[in-house]
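Input: a single structure, listed below in structure tokens.
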Amino acid sequence: MSVEDKEKELSVYESMAARYDVAARKLGIDEGLSNYLRTPNREIIVHIPVSMDDGTLRVFDGYRVQHSIARGPCKGGLRYSLDVSLDEIRGLAAEMTWKCAVVNIPFGGAKGGIVCDPSKLSVGELERITRRYTAEILDYIGPDRDVPAPDMNTNEQTMAWIMDTYSMHMRHTVTGSVTGKPLDLGGSLGRREATGRGCMITADEALKRFRWQRESTRVIVQGFGNVGSQAARLMYEAGYKIIGVGDISGGIFSTSGINIPHLLEYVEKHKTIQGYGGGDSIGTQEILEQDCDLLLPAATESVITSKNAHKIKAKLLVEGANSPTTPPADDILFDRGVFVVPDILANAGGVTVSYFEWVQDRQGYFWTEGLVNERLKHSMVSAFDGVVAYSQRHNVNNRIAAYMLAIDRVAFCIKLRGIYA
Ligand code: NAD
């Protein structure tokens, strides 16, 4: 593979665009509308000056890409990482549009990121970066415009800082300006577990199709952060057999199963799974290739590529992370008969409960955890059925089917609204 092809395979935007083009062509969308749909509405680049603890002044680059407002305000996470780039944020923003449409919630897609290494920043520095970033994009966000949420290396505290900064400028408290907030500030019960729970709900639906039992389904989870650890915990409690877990430091593997509650306690204390004794140590990429029934990548993008797709042994792939599989890997998995629950369906539980949180903030009336989980299940199961129905009707794989369902819904809204000129 040439360097250029390799870069293309690993580009989040190129991956999104490749799938989008196939799905839009299958739907017969005309060229003008198709170009409009795949192009972001707005791309914001900010350069954030921050006073560091040692008295120096540093400038951080930040992005917010708003892909679509056709179905409602924009919605999407904010990530902090040295790997953040405009290309990545642009691709992830578009995927948020399709994700919101797949689960049929009234939002368009957005994504944000700041280029920084949070492990090397103090809490005070992180707070100042977050507040200044919020101030720089203030005119473009808000409950009716664009609602940020946590993503890689951001959390409830980050959302509390954004909500407070936004509220200070508005001169009143606006809880609906972000989701994934602490419960005491208008967060929703069930939000923390929602993405992992959504992964499990879609896995359950896939199991029904295969007539598999949870107890005999061997699962490997890559990533043990918010999504991976919650998915592993919920699946363990539901009876699945978790035989492998990996994080950035490495993996552990045990054919007799891993005790997830014990591992969670260990990680709470040590902040890594490295050194946990309840299994054999294994490389973080190698873990993807071990013999199992269900593989749940929940770490980061482009971990399954044309280089390793033929080594994946799982028959069922449930994508907890965004963009874990590249388009060339998709084709290999499809040819090998792997049933893929694509990211824009599998991990849509988070944005679905974010939507519930936004609704509750606007109502000023909060739901029980049981009600949140029940409504989440309803949304995920109908989205799963919708995607599988599209895949059968149009004879395409589940990922293209999910894109088709989503693009169809967004295109329909654009046609109804017309083009403002
Ligand atoms: P997180 O920062 O809480 O956890 C990430 C985990 O992945 C950590 O355990 C980390 O050690 C591991 N990791 C990172 N890079 C790795 C690598 N190269 N190899 C192996 N492990 C690696 O992040 P999160 O919120 O759990 O998000 C994980 C993925 O899920 C991301 O792709 C994110 O965009 C996606 N996602 C998250 C949510 C959400 O609600 N948090 C919703 C939808 C999608």
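Scanning region 331-364 for residues that are away from the ligand (no atom under 13 Å from the Cβ) and touching a Pro at 6+ places or on another chain (Cβ under 9 Å) returns Trp358, Asp361, Arg362.
Any idea which residue in region 252-273 is farthest from Ala299 (Cα to Cα), counting only those that are in contact with an Asp or Glu (Cβ under 8 Å, 6 or more places away or on another chain) and of a type outside the set (A, V, I, L, M)? Among residues in region 252-273 that are in contact with an Asp or Glu (Cβ under 8 Å, 6 or more places away or on another chain) and of a type outside the set (A, V, I, L, M), the one farthest from Ala299 (Cα to Cα) is Ser254. Across region 276-310, the qualifying residues are those that are away from the ligand (no atom under 14 Å from the Cβ) and more than 14 Å from Gly244 (Cβ to Cβ), and the one among them that is surrounded by the fewest Cβ atoms within 10 Å (Cβ to Cβ) is Gly277. Close contacts from region 132-144, counting a first residue that is within 13 Å of Trp358 (Cβ to Cβ) and a second that is basic (Lys, Arg) and assigned to a helix (DSSP H, G or I), with Cβ to Cβ under 8 Å and a gap of 6+ residues or different chains, come to Pro143/Arg362. Of the residues in region 243-266, not one is charged (D, E, K, R), away from the ligand (no atom under 16 Å from the Cβ) and touching a residue at least 12 places away in the same chain (Cβ under 8 Å).
Answer yes if at least one residue in region 269-286 is assigned to a loop (DSSP other than H, G, I, E, B), without any contact (Cβ under 8 Å) to a residue 12 or more places away in the chain, farther than 19 Å from Asn347 by Cβ and within 22 Å of the chain's Cα centre (by Cα), and no otherwise.
Yes, the conditions are met somewhere in region 269-286.
Conditions (1) buried (at least 20 other Cβ atoms within 10 Å of the Cβ); (2) within 13 Å of the ligand (Cβ to nearest atom), marked per residue:
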{"site": "Asn155", "(1), (2)": "no, yes"}
{"site": "Met159", "(1), (2)": "yes, yes"}
{"site": "Met163", "(1), (2)": "yes, no"}
{"site": "Tyr166", "(1), (2)": "yes, no"}
{"site": "Val174", "(1), (2)": "no, no"}
{"site": "Thr179", "(1), (2)": "yes, yes"}
{"site": "Pro182", "(1), (2)": "no, no"}
{"site": "Arg197", "(1), (2)": "yes, yes"}
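Just one residue in the set Tyr365, Tyr420, Tyr355 is of a type in the set (Phe, Trp, Tyr) and either assigned to a helix (DSSP H, G or I) or buried (at least 20 other Cβ atoms within 10 Å of the Cβ) (or both); that residue is Tyr355. Number of residues in region 237-268 that are in contact with a helix residue (DSSP H, G or I) (Cβ under 9 Å, 6 or more places away or on another chain), in a strand (DSSP E or B) and not basic (Lys, Arg) equals 9. The residues listed here are Ile29, Ile114, Ile44, Ile129; of these, the one that is touching a residue at least 12 places away in the same chain (Cβ under 8 Å) and in a loop (DSSP other than H, G, I, E, B) is Ile29. Hey, does region 226-241 have a residue that's within 16 Å of the ligand (Cβ to nearest atom), under 19 Å from Ala299 (Cα atoms) and of a type in the set (Lys, Arg)? Within region 226-241 (the criterion being within 16 Å of the ligand (Cβ to nearest atom), under 19 Å from Ala299 (Cα atoms) and of a type in the set (Lys, Arg)), the answer is yes, since at least one residue qualifies.
Read-outs: derived from the displayed coordinates by stated rules, not from any lab. Only a predicted model underlies this, so the values are computations on that prediction, with no experimental measurement involved. When we count neighbours, we look across all protein chains shown, and the Cβ atoms used for this are built from the backbone with ideal geometry, even at glycine.
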